[in-house]
Amino acid sequence: MFDYNYFPTPWHFHPVYELVLVLESKGKRIIGDRVSEFGPGDLVLLGPNLPHLYRNYPEFYLTNTDLRAKSIVVHFDQKTFGEGFLSLPESQNLNQLLIKSSKGIAITGAINKSVSKMLFEILELNGLPKWLKLLEILNSLAESKNLGIITNNVISGRNGVESERMKKVLNFVYQNFQEQITIDRVAGIANMANNSFSRYFSQRTRQSFTSFLNEIRLSHATKLLIETQKSILEISLVCGFNNLSNFNFQFKMRYHQSPLNFRKHYLHINNY
């Protein structure tokens, strides 16, 4: 179990599978080409070399806060099961689960609660019982219908130099998305020419830098719409959009409804 002031691991990837359960803290996670909110109970299965980053909200980085970032993380690889195990007819569903994890799998519904319980149990085990519990978890996931694919495309990390470059870019975006950010500025951070950076970013994330930046901004906008009474205009400016009409257009493209309807819908559900 991990217990931090905030999740410290930068944008990274590794050659093993990773099962992540968030126990405490909130923020945004980037998995491959997808930006999403995370909070307590968020549970995902990530395939090998799928780049990911968990970034807490700003209040977690304050020195005088009691907020904590806690999670259970389990790593494993195919060698865990032994040679030939995944080729067995009885392992077909498990093998398909691991193949799907290359795009990241979000685990929701009843299976989320069941697997979360088993993850607490696995912390107390060692040796063969621990291996059997992991197999039980994966088998439960393989048979579940409450699984969602996270990324639009298969995104695979390349090398440490690339990871460091992307980390610098993402850190800059997170720290400055509320301001105007130009391709020229972010390409300079990556030490690349503008055109080269645009190709690089699109190849690695399967979306343009502008699209990614808007996704970060819109994700923050949903948080403000839910948690504050700020006007739509205020939120659009705070999130880095240069005008209200562009904000409304981008929001509708992403969430298929206006910011105002999004807020009304959320309030209606929570007051029901």
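All of the numbers you see were taken from the coordinates with simple rules; none came from a lab. Computed from a predicted structure; not experimentally measured. In this analysis, Cβ positions are derived from the backbone assuming ideal geometry, glycine residues included, and neighbour counts consider all displayed protein chains.
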Flagged links, alpha-carbon separation over 20 Å, of 26/70; 26/113; 28/70; 79/145; 79/133; 100/168: 79/145; 100/168
Computed E for residue 146/residue 95 - FRET, C-beta separation, R0 22 angstrom, nearest 0.05: 0.65
Linear extension gain, residue 87 paired with residue 233, 0.36 nm per residue minus alpha-carbon span: 46.9 nm
The chain: angle of helix 259-271 to the longest principal axis, Cα-based, in degrees nearest 10: 50
Calculated from backbone phi, Karplus (6.51, -1.76, 1.60) coupling profile of the range 195-201 in Hz, x at Gly/Pro: 5, 5, 5, 4, 5, 4, 5
Which of 142, 257, 6, positive extreme of dipole for the chain (C-beta unit charges): 257
Vicinal HN-Hα couplings computed from phi for the range 32-38 (Karplus, 6.51 cos²θ - 1.76 cosθ + 1.60; Hz; Gly/Pro x): x, 9, 10, 9, 9, 7, 9
Residues in the range 212-226 reached by a label modelled at residue 62 [backbone nitrogen below 20 Å; 7 Å Cα→Cβ]: 220-221, 223-226
Taking 220, 14, 256, 75 and counting other C-beta atoms within 10 Å, the order from fewest to most: 256, 75, 14, 220
Length released on extending from residue 128 to residue 243, taking residue separation times 0.36 nm less the Cα-Cα span: 35.5 nm
